[in-house]
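This report concerns only the one structure given below.
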Amino acid sequence: MSDLLSIARTIALEAGELAARRKAEGVEVVDRKSSPVDVVTAADRETEALIRARLAELRPDDGFFGEESGAETGTSGLTWIVDPIDGTVNFLYGIPHYAVSIAVVEGEPDPLSWRALAGCVVNPASGEVYTAAAGGGAYLGERRLEVAASVELSQALIATGFAYSAEERARQGAIVAALLPQVRDIRRMGTASLDLCAVAAGRANAYFERTLSPWDHAAGALIAREAGAIVKGRADAAPSRDLIIAAAPELAEVLEAELVELGI
Ligand code: LIP
């Protein structure tokens with residue numbers, strides 16, 4: 001497990017350096033994906049290519065599933081789930097809040113069934129490095145992380161995010177508008193992996209989002225869980241495109257009930 005974690009960490013740091021260098025040199029948008037605002041930059045592709053090449057060197061029998069270059073099955077039963085630049089819009093706008101996210105899972109590369117073994121989330125702009133191994137706890141640098149104690153919904157600082165689809169954003173916006181008067185405040189920070197790490201570090205009491213891809217939450221969910229948070233989907237389901245919620249156990253339950261009430 002620790003070998004897998006050190007590989008994730010080493011490669012995430014290398015990829016973070018490359019992304020930061022490309023940011024300094026100027027960001028080039030090379031394509032659009034699910035909508036006119038869902039952009040791909042040259043750095044997204046180059047960073048993923050670096051990660052994929054390094055993993056092929058160090059773990060040739062493992063599978064790979066990345067945001068920009070898709071999936072390849074391995075023979076080892078393990079798969080690396082990679083988001084080379086999570087928070088691409090922040091990266092594009094020069095907002096120093098984006099991340100390289102690398103996780104390794106056992107089983108099918110499907111969040112509904114996989115078992116996450118190790119994960120690393122690096123914010124190249126802040127230099128913060130979040131890590132976790134299954135059963136081994138979560139860390140920010142050398143500091144062991146613990147999720148904030150559960151609070152009343154009215155006292156909760158809640159992170160969330162919005163999709164690239166205007167139609168979905170309209171639905172998400174209506175739910176957030178209804179939730180806002182019931183909570184301390186909302187934070188839209190733009191990077192799902194760092195939102196999950198914020199819950200792990202006690203910088204937010206909870207996080208929820210719909211329409212995320214597996215690479216957006218693979219590493220962050222393990223880090224939040226190893227810090228003591230409940231990380232779940234709707235009802236008893238695992239986190240997925242349908243829904244991800246992360247918070248201390250009691251708050252997670254109350255927040256989910258309220259979100260369902262609001263029609264999430
Ligand atoms: C982003 C997520 C964010 C979400 C965006 C997008 P990307 O990932 O980190 O939480 O709100 O819609 O999915 O596209 O930057 O890898």
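The values are calculated or read from the model by the stated rules, or taken from the named source; none is laboratory data. Worth saying up front: this structure is predicted, and the values here are computed from it rather than measured. Cβ: placed from backbone, ideal geometry, glycine included. Neighbour counts: every protein chain shown.
Residues that are farther than 24 Å from Tyr164 by Cβ and in contact with a strand residue (DSSP E or B) (Cβ under 6 Å, 6 or more places away or on another chain): list the helices (runs of 4 or more DSSP H) wholly contained in segment 1-120 that include at least 1 such residues. Counting at least 1 such residues, we get 2-25, 42-58.
Inspect segment 155-163 for any residue being aromatic (Phe, Trp, Tyr) and touching an Asp or Glu at 6+ places or on another chain (Cβ under 7 Å) and give the result as yes or no. No, there is no match, as no residue in segment 155-163 is aromatic (Phe, Trp, Tyr) and touching an Asp or Glu at 6+ places or on another chain (Cβ under 7 Å).
Return yes when Leu58 is closer than 21 Å to Cys120 by Cα and either crowded, with 17+ Cβ neighbours inside 10 Å or at pLDDT below 95 (or both) and no when it is not. No: the conditions fail for Leu58. For Asp38, the conditions (1) over 25 Å from Leu140 (Cβ atoms); (2) within 16 Å of the ligand (Cβ to nearest atom); (3) surrounded by fewer than 16 Cβ atoms within 10 Å (Cβ to Cβ); (4) free of Cβ contacts under 8 Å to residues at least 60 places away in the same chain are fulfilled apart from (4).
Residue under question is Ala224, and the condition is that it be surrounded by 20 or more Cβ atoms within 10 Å (Cβ to Cβ), outside any loop (DSSP other than H, G, I, E, B), of a type in the set (Gly, Ala, Ser) and more than 13 Å from the ligand (Cβ to nearest atom); does it hold? Yes. Just to be sure before I move on: is Ile186 away from the ligand (no atom under 11 Å from the Cβ), touching a helix residue (DSSP H, G or I) at 6+ places or on another chain (Cβ under 9 Å) and within 28 Å of Ser113 (Cβ to Cβ) in the structure I sent? The answer is no for Ile186. Beta carbons closer than 6 Å, at least 6 apart along the sequence or on distinct chains, never pair a first residue in segment 1-26 that is over 17 Å from Ala134 (Cβ atoms) with a second that is at pLDDT below 95.
Looking at Gly63, Gly107, Gly77, Gly87, can you tell me which residue is within 16 Å of the ligand (Cβ to nearest atom) and either touching a residue at least 12 places away in the same chain (Cβ under 8 Å) or of a type in the set (Gly, Ala, Ser) (or both)? Give the steps one after another, and end with the answer.
Values: Gly63 fails: within 16 Å of the ligand (Cβ to nearest atom); Gly107 fails: within 16 Å of the ligand (Cβ to nearest atom); Gly77 fails: within 16 Å of the ligand (Cβ to nearest atom).
Going through Gly63, Gly107, Gly77, Gly87 in turn, the sole match is Gly87.
Entry remark, segment 61-106: residues being over 21 Å from Val129 (Cα atoms) and either of a type in the set (Val, Ile, Thr) or modelled with pLDDT under 95 (or both) number 3 in total. Within the set Leu196, Leu179, the sole residue that is among the aliphatic types (A, V, I, L, M), within 12 Å of the ligand (Cβ to nearest atom) and either outside any strand (DSSP E or B) or closer than 18 Å to Leu112 by Cα (or both) turns out to be Leu196. Evaluating Ala201 against the criteria (1) closer than 26 Å to Glu108 by Cα; (2) surrounded by fewer than 24 Cβ atoms within 10 Å (Cβ to Cβ); (3) of a type in the set (A, V, I, L, M, F, W, C) leaves one unmet condition, (1). Are any of the residues in segment 158-166 part of a loop (DSSP other than H, G, I, E, B), away from the ligand (no atom under 16 Å from the Cβ) and at negative phi? Looking for residues that are part of a loop (DSSP other than H, G, I, E, B), away from the ligand (no atom under 16 Å from the Cβ) and at negative phi, one finds none in segment 158-166, hence no.
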